[in-house]
1. In region 1-33, what residues are among the hydrophobic types (A, V, I, L, M, F, W, C), in contact with a Leu (Cβ under 7 Å, 6 or more places away or on another chain) and farther than 20 Å from ASP230 by Cα?
2. Can you tell me which residue is surrounded by the fewest Cβ atoms within 10 Å (Cβ to Cβ) among those in region 117-132 that are aromatic (Phe, Trp, Tyr) and out of contact with any Leu (no Cβ under 7 Å at 6 or more places or on another chain)?
3. Of all residues in region 8-39, which are more than 10 Å from ligand 2 (Cβ to nearest atom) and within 12 Å of PRO138 (Cα to Cα)?
4. For GLU297, state whether it is open to solvent by 20 Å² or more (accessible area, probe 1.4 Å) and of a type outside the set (S, T, N, Q).
5. If you take the residues of region 164-188 that are assigned to a helix (DSSP H, G or I) and within 15 Å of ligand 2 (Cβ to nearest atom), which of them is most open to solvent (accessible area, probe 1.4 Å)?
6. So in region 22-35, with the set limited to residues that are touching a residue at least 60 places away in the same chain (Cβ under 8 Å) and part of a strand (DSSP E or B), which one is surrounded by the fewest Cβ atoms within 10 Å (Cβ to Cβ)?
7. (1) out of contact with any Phe, Trp or Tyr (no Cβ under 6 Å at 6 or more places or on another chain); (2) open to solvent by 10 Å² or more (accessible area, probe 1.4 Å); (3) over 15 Å from ILE6 (Cα atoms); (4) touching a residue at least 40 places away in the same chain (Cβ under 8 Å): which one isn't true of LEU50, the others all being true?
8. Just to be sure I understand, how many residues within region 133-163 are assigned to a loop (DSSP other than H, G, I, E, B) and either open to solvent by less than 10 Å² (accessible area, probe 1.4 Å) or within 15 Å of ligand 1 (Cβ to nearest atom) (or both)?
Amino acid sequence: MPRKIILDVDTGSDDACAIMLAQLRPEIDLIAVCTVKGNQPIEYTTENTLRIRDLLHADFPVYKGCSGSLVKNVVYPRIPPTANADAYDEQGNKIHIHQELFDLPASDGKIEPLNAPNFYVDYLKNAKQPVTIVAVGPLTNLAVALIMEPQIVKNIEEIVIMGGGWNITNATLAAEFNIYDDPEAAQRVLHCGAKITMVPLDATHSAYISRKDAEALKAIGSPASLFAADLIERRIRVHDYAQPLEVKHSCALHDPLCIAYLIDPDVLKDVKLCNVEVSLSGLTEGQTCVDQRAIQEGRNVHFAFGGDPKRFAKILIEAFR
Ligand code: BDR
Ligand code: CA
């Protein structure tokens, strides 16, 4: 039976690929998509999500979520400077890793009347069977829902989070973007009591997607595969310039790796159950502190220290075929 999932996104180039993968693979039953601010403001991440839905001729419901973080930028200015993930083409024009709006036809704007946290509460309170939540943006929606109604956790089968980093960071010297964007929300979600699998930068960078994979997608020739190939090529240019991976001309395609894990758990490597806490202030704000000691208390997160590029590419390419 396909696994029922709710996807929480801040669409975003790699979020778009996660939506496409979830919609196209028969092992996944995409019951709803919630949007959150993150890569772009909420109006853009929502509109981008709707444009991808149209591209796929899909009809999953979209719930617009939080436009700001729980605490961040409300109470005090943040200390560590953030990095820009951009590159430049031959003419000196900036290539952004996430466009404001995708170069796709405007959507009809059709979203559900409930906002995302209310949807979580409503759906999970009444769910007949537990559901998996795949959260690939800042964790604000889920944190708000858990604050509103903590007992919804009983109907969560697993929360798969793209976020965090052990040896690799991107937003600051210590933090990965999704966690850095709303660290208080992340800390709350990590302690909600559900089974949590974390897919950090260490996993997404080692399960890289290559230019050859992008070419294979292009060769499929469908509107969705061509769009995905274009997003991946853009990401490769930015990675080569700003965040070079060990393998040249490749990129991390973070968010769809969470979907791939639900299809084939072996796409993640070196998964260890550890205590993971989020730093909430100072230079390390948003850092995921992963306890590696043999004896530790409060193991709350299955943390993936690596990923398998071949398995990942196969899952991705087969979906578009
Ligand atoms: C994460 O941040 C976002 O920019 C990506 O969509 C991904 O979810 C990677 O740090
Ligand atoms: Ca994302």
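1. Restricting attention to region 1-33, the residues satisfying the condition of being among the hydrophobic types (A, V, I, L, M, F, W, C) are 1, 5-7, 9, 16-22, 24, 28, 30-33.
Still in the list and also in contact with a Leu (Cβ under 7 Å, 6 or more places away or on another chain): 5, 7, 16-22, 28, 30, 33.
Passing the criteria: ILE5, LEU7, ILE28, LEU30, VAL33.
2. Residues of region 117-132 that are aromatic (Phe, Trp, Tyr), as a first pass: 119-120, 123.
Remaining after also requiring out of contact with any Leu (no Cβ under 7 Å at 6 or more places or on another chain): 119, 123.
Working: PHE119: 22, TYR123: 18.
In this case the residue turns out to be TYR123.
3. Within region 8-39, CYS34, THR35, LYS37 meet the criteria.
4. Details: open to solvent by 20 Å² or more (accessible area, probe 1.4 Å): yes; of a type outside the set (S, T, N, Q): yes.
Judged against the criteria, GLU297 is a match.
5. So the first thing to find is which residues in region 164-188 are assigned to a helix (DSSP H, G or I), and the list is 177-181, 183-188.
Among the residues that remain, those that are also within 15 Å of ligand 2 (Cβ to nearest atom) are: 177-181, 185-186.
Values: PHE177: 58, ASN178: 8, ILE179: 1, TYR180: 19, ASP181: 28, ALA185: 0, ALA186: 1 Å².
Top of the filtered list is PHE177.
6. Kept after step one, since they are touching a residue at least 60 places away in the same chain (Cβ under 8 Å), are these residues of region 22-35: 22, 24-25, 27-28, 31-32, 34-35.
Next, from what is left, pick out any that are part of a strand (DSSP E or B): 28, 31-32, 34-35.
Values: ILE28: 21, ILE31: 15, ALA32: 19, CYS34: 29, THR35: 32.
So the residue we want is ILE31.
7. (2)
8. Restricting attention to region 133-163, the residues satisfying the condition of being assigned to a loop (DSSP other than H, G, I, E, B) are 136-139, 149, 163.
Filter once more, so that each one left must be either open to solvent by less than 10 Å² (accessible area, probe 1.4 Å) or within 15 Å of ligand 1 (Cβ to nearest atom) (or both): 136-139, 163.
Residues flagged as assigned to a loop (DSSP other than H, G, I, E, B) and either open to solvent by less than 10 Å² (accessible area, probe 1.4 Å) or within 15 Å of ligand 1 (Cβ to nearest atom) (or both) within region 133-163 amount to 5.
The values are calculated or read from the model by the stated rules, or taken from the named source; none is laboratory data. This structure is a prediction, so every number in the text was calculated from the model and none was measured. Quick reminder, even Gly has a Cβ in these numbers, built from the backbone with ideal geometry, and neighbours come from all protein chains shown. The protein model used for the area step is the full one, side chains on, heavy atoms only, and it has no ligands, DNA or RNA in it. Shrake-Rupley method; radii C 1.70, N 1.55, O 1.52, S 1.80 Å.
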